[in-house]
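A.B. asks: Before I ask anything, let me first share the structure, which is written out below as C-alpha cells.
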Amino acid sequence: MLRIVLVAPRNPLNIGAAARAMSNFGFPDLRLVNPYDVAFTEARSAVRSHYILEQAQVCASVGEAVSGCTLVAGTTAVGNRDLHVPLYRLEQAGPIMREHLESSPAALLFGSEKFGLSNEDMSYCNWLLRIPSREEHASMNLGQAVAICLYELKRDAALAGTRFPTPEMADAGDLERMTALLTETLQHSGYVNERTSQSTELKIRRLVRRLRVPQGDLETWLGILRQILWKAKG
C-alpha cells in the first residue's frame, strides 16, 4: 500500500488535484500534515474524488503520518540544500518503490506549495526523489507533481509496447471504387483535362492507396465524393 502525504498544503485546488490524481491511478490512502484548515474544507467540498478526502487522515506531524511505513521517500526540487540522504531521479526511484510495495507499505511525501519539505521533514525519509524538470524552473505545482509521480509508479514497462488493434483496411476492390469515383468527380470539377487524363488517373490511384483508408471509413469517403459529384454535375 502506498500512502501519499501532503505536508502543510495551503491551496484547496492543489489538494483537490492531488486527490484526483490519486483516484486516477488507484492510490486512495492520503494523509495531510497540518493542512491549512480553510483549504482542506474547500477541497473536500469541491473535488470530484471526494471519497479520498473524506477518508483522509489529518496528522499533527510527519512522524505520525508515516507511522507503519517501512519506506519513506520525499520529493524535492533540490536547489542548493545539503540533503544527507540518497537522491534519485523519478525514473530511478519508480522501480525501487514498486518492488518495495510488493511486500511492504511505503509513503511518498510532498512538501508545501511555498517551501517544499523542510530539513526536519526530510529527516524522516530513507531517500529523496526529484522530477527531472529544468533547473531554471525546478519547482512544480503540487497537484501536477503528485500526478507525475503516481503515473511513474503505475507505469508498466512490460506493457509499454502494447498497441491498439490495427483497423481492417479497405481492400483493393474498394479502393478502386473510391479511385473511380474520385476521378469522375475531378473530371466534372475541371481538374482533369483530356490530354493528361491517363497520367492523372494513375496519380489518383497511387494517392488513394497511400491514404491507407480503414474499411470502416470507406463508405463515409464514398458518400462525401458522391455528394460533391452530384453538386459538380449541377
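A.B. asks: For the structure I just gave you, tell me whether Gly63 is surrounded by fewer than 20 Cβ atoms within 10 Å (Cβ to Cβ), assigned by TED's automatic domain parsing to the domain that holds Asn14 and within 18 Å of Arg31 (Cβ to Cβ). Spell out how you get there, then give the answer.
C.D. replies: On the way: surrounded by fewer than 20 Cβ atoms within 10 Å (Cβ to Cβ): yes; assigned by TED's automatic domain parsing to the domain that holds Asn14: yes; within 18 Å of Arg31 (Cβ to Cβ): yes.
When the stated conditions are applied, Gly63 passes them.
A.B. asks: So Leu153 passes all but one of these: (1) farther than 30 Å from Gly16 by Cα; (2) touching a residue at least 60 places away in the same chain (Cβ under 8 Å). Which condition number does it fail?
C.D. replies: For Leu153, the failing item is (1).
A.B. asks: Which count do you get for residues in the stretch 200-226 that are over 13 Å from Leu181 (Cβ atoms) and either part of a helix (DSSP H, G or I) or modelled with pLDDT of 95 or more (or both)? Break it down into steps so the answer makes sense when it comes.
C.D. replies: Taking the stretch 200-226 first, the residues over 13 Å from Leu181 (Cβ atoms) are 200, 202-203, 206-207, 209-212, 214-217.
Going one step further and asking which of them are either part of a helix (DSSP H, G or I) or modelled with pLDDT of 95 or more (or both), we end up with 200, 202-203, 206-207, 209-210, 215-217.
Of the residues in that region, 10 qualify.
A.B. asks: Does the stretch 106-119 hold any residues that are part of a loop (DSSP other than H, G, I, E, B) and under 19 Å from Leu30 (Cβ atoms), and which are they?
C.D. replies: Filtering the stretch 106-119 down to residues part of a loop (DSSP other than H, G, I, E, B) leaves 111, 113-115, 117-118.
Correct list: Gly111, Glu113, Leu117.
A.B. asks: Only one of (1) within 30 Å of Leu109 (Cα to Cα); (2) surrounded by 13 or more Cβ atoms within 10 Å (Cβ to Cβ); (3) not small (Gly, Ala, Ser) fails for Ile204. Which number is that?
C.D. replies: (1)
A.B. asks: When residues of the stretch 99-138 are filtered for being under 20 Å from the mean Cα position of the chain (by Cα) and surrounded by 17 or more Cβ atoms within 10 Å (Cβ to Cβ), how many remain? Spell out how you get there, then give the answer.
C.D. replies: Filtering the stretch 99-138 down to residues under 20 Å from the mean Cα position of the chain (by Cα) leaves 108, 110, 129-134, 138.
This time we only want the ones that are surrounded by 17 or more Cβ atoms within 10 Å (Cβ to Cβ), so: 108, 110, 129-131.
The qualifying residues number 5.
A.B. asks: Continuing with the same structure: Residues of the stretch 88-110 being more than 14 Å from Arg3 (Cα to Cα), in contact with a helix residue (DSSP H, G or I) (Cβ under 9 Å, 6 or more places away or on another chain) and not acidic (Asp, Glu), which ones?
C.D. replies: Those that are more than 14 Å from Arg3 (Cα to Cα), in contact with a helix residue (DSSP H, G or I) (Cβ under 9 Å, 6 or more places away or on another chain) and not acidic (Asp, Glu): Tyr88, Leu90, Ala93, Gly94, Pro95.
The values are calculated or read from the model by the stated rules, or taken from the named source; none is laboratory data. Because the structure is a prediction, the values reported are computed rather than measured. Cβ atoms come from the backbone with ideal geometry, glycine included; neighbour counts cover every protein chain shown.
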